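Novice: Quick one: structure below, then a few questions.
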Amino acid sequence: MRLEGGNSVILRVEMDKQSVTFAELVSVIGHQGGDIVAIDVIRPGRKMEIRDLTVSVVDPSVVETLSAAVAAMKGIHLVNVSDRTFLLHLGGKIQVQSKVPIKNRDDLSRVYTPGVANVCLAIRDDISKAFSLTIRRNMVAVVSDGTAVLGLGDIGPHAAMPVMEGKAMLFKELAGVDAFPICLDTKDTEEIIAIVKALAPTFGGINLEDISSPRCFEIERRLKEQLDIPVFHDDQHGTAVVLLAGLINALKIVGKSMSDIKVVVCGIGAAGVACSRMLLAAGVTHLVGVDKDGAIHRDAAYENEVWNEYAAMTNPHNEKGSLSEVIQGADVFIGLSRPRLLSGEAVRRMNTDPIVFAMANPDPEISPEEAGPYVRVYATGRSDYPNQLNNVLAFPGIFRGALDARASSITESMKLAAAKAIASIVTDEELNSDYIIPSVFNEKVVPAVRKAVVMEAIHSGVARKVPGDFRNLD
Ligand SMILES: NC(=O)c1ccc[n+]([C@@H]2O[C@H](COP(=O)([O-])OP(=O)(O)OC[C@H]3O[C@@H](n4cnc5c(N)ncnc54)[C@H](O)[C@@H]3O)[C@@H](O)[C@H]2O)c1
Ligand SMILES: O=C(O)C[C@H](O)C(=O)O
Ligand SMILES: [Mg+2]
């Protein structure tokens, strides 16, 4: 059995108490490398009893032998073995909830016909009232076509849904933004643009997610042109914001500056292109991008037009070759590609105090175990290692700020301000190689990002409203 996210399983067992004791069961599980961390009695009984045992294992590969040993015990019927992560997904992770109860005719006639009609007419006469009188004010669409889901690739719209539901949960839990996942059964650029455009009256913002490159660039650009609400491709810009925040702090640890470092970005897709642009805007000059066929350089004519633009703005020495060649002497590696593409041996050939951000999800380009002996600062996109560089640090606060300022778009300066805000949460006293970026659970993150985004929205003229808590600020 493959354990998904966490090393524990739930065994549902039916016990015949006349032929087996609980102590015997505990002993068999312990013998097989399992540790019972929780017990729930599902159906009590004097003779037969059903219990759910949450069993933690250090090595997930023992689950099969452990289950077989339990199933083989006299007086035990192993009803099923479930992964806690799968159980958590039963029936999906979010639901729609009403804000007001409907208890009587009076309530009914106000939330619904006839009362609702006047509200509709008020919006017909002044469309901006949709922001005050409907869910639009606080509602974001999380839109995916399932073509670049995490690092899993094109797994389709149905399989993408758990990630999109997860993003919606994070919006709500971290920033109070209502978000709805929408997985589209089309990969056609024109169709996606038309559908999202048609959906826009329902939403105050559009978060594009896990749409593969290069289509994602065109889809985002065209939707930004056509819509007057923020359109934000999270894998590009959320990632770039967090990456910059992490790099600002990592460079303080190694005492290097943006203008002096050589950066190698691996995976020049949605995230890789946007992160590279962000780094160039932040002052990096020596940046080399590497994709499947090696370094992106100016002597090639790429079918992917974005790579031709990329070649023009990066790789100052027009380096060619594979990742293991161009990594030579690099100060920073940024992985936004696939698992296990970087070897410890390659990291050994980087400059002194190498910084490795292996951000592919769910499995990084190099594991912490392999990178450990050679790196000075190491980060991944995952929550189970130190230094989680994940766009979840950015998108909730960015949309919170954009919605509160009723911004018509999210500008470059809003993103830059968000990156600096995230970086600044880690104080100089706290900063160390295992703490370059605040935790997702750090309660300062969303307010700091929101504030930075609102201020910049006002300065850059895209705010259509000044939130109450900003009215008396200069
Ligand atoms: N930590 C985060 O916050 C975060 C955010 C966004 C994306 N990511 C991760 O980054 C990866 C890319 O995401 P994306 O949305 O940009 O996807 P994408 O499909 O747009 O880009 C992936 C790129 O990797 C390239 N690639 C594939 N094999 C390669 C190889 N052997 N060597 C070099 N490049 C190779 C592909 O050609 C493509 O250009 C995924 O693993 C994703 O989970 C992480
Ligand atoms: O979903 C994540 O954890 C981050 C990012 O959006 C990704 O696609 O990997
Ligand atoms: Mg994503």
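The values are calculated or read from the model by the stated rules, or taken from the named source; none is laboratory data. Only a predicted model underlies this, so the values are computations on that prediction, with no experimental measurement involved. Note that each Cβ is placed from the backbone with ideal geometry, even for glycine, and that neighbours are counted across all protein chains shown.
Novice: May I ask you to list the residues in region 439-465 that are among the β-branched types (Val, Ile, Thr) and at pLDDT 95 or above?
Specialist: Correct list: VAL445, VAL446, VAL449, VAL453, VAL454, ILE458, VAL462.
Novice: Filter the helices (runs of 4 or more DSSP H) completely within region 265-331 down to those with at least 3 residues that are under 18 Å from ARG349 (Cβ atoms).
Specialist: Hits in region 265-331: 323-326.
Novice: Within region 151-164, how many residues are surrounded by fewer than 19 Cβ atoms within 10 Å (Cβ to Cβ) and within 17 Å of GLN95 (Cα to Cα)?
Specialist: Of the residues in region 151-164, 1 are surrounded by fewer than 19 Cβ atoms within 10 Å (Cβ to Cβ) and within 17 Å of GLN95 (Cα to Cα).
Novice: Only one residue in SER367, SER322 is surrounded by fewer than 16 Cβ atoms within 10 Å (Cβ to Cβ), within 16 Å of ligand 1 (Cβ to nearest atom) and either modelled with pLDDT of 95 or more or over 14 Å from LYS262 (Cβ atoms) (or both). Which one?
Specialist: SER322
Novice: Restricting the search to region 370-411, which residues are buried (at least 24 other Cβ atoms within 10 Å of the Cβ), out of contact with any strand residue (DSSP E or B) (no Cβ under 7 Å at 6 or more places or on another chain) and polar (S, T, N, Q)?
Specialist: Answer for region 370-411, where residues must be buried (at least 24 other Cβ atoms within 10 Å of the Cβ), out of contact with any strand residue (DSSP E or B) (no Cβ under 7 Å at 6 or more places or on another chain) and polar (S, T, N, Q): just ASN391.
Novice: ASN351 passes all but one of (1) polar (S, T, N, Q); (2) touching a Lys or Arg at 6+ places or on another chain (Cβ under 8 Å); (3) within 13 Å of ligand 1 (Cβ to nearest atom); which number fails?
Specialist: The single condition ASN351 does not satisfy is (3).
Novice: Within region 213-259, how many residues are in a helix (DSSP H, G or I), out of contact with any His (no Cβ under 7 Å at 6 or more places or on another chain) and either aromatic (Phe, Trp, Tyr) or within 14 Å of ligand 3 (Cβ to nearest atom) (or both)?
Specialist: 11
Novice: Have a look at ALA69, ALA122, ALA159, ALA148 and point out the one that is free of Cβ contacts under 8 Å to residues at least 60 places away in the same chain and within 16 Å of ligand 1 (Cβ to nearest atom).
Specialist: ALA159
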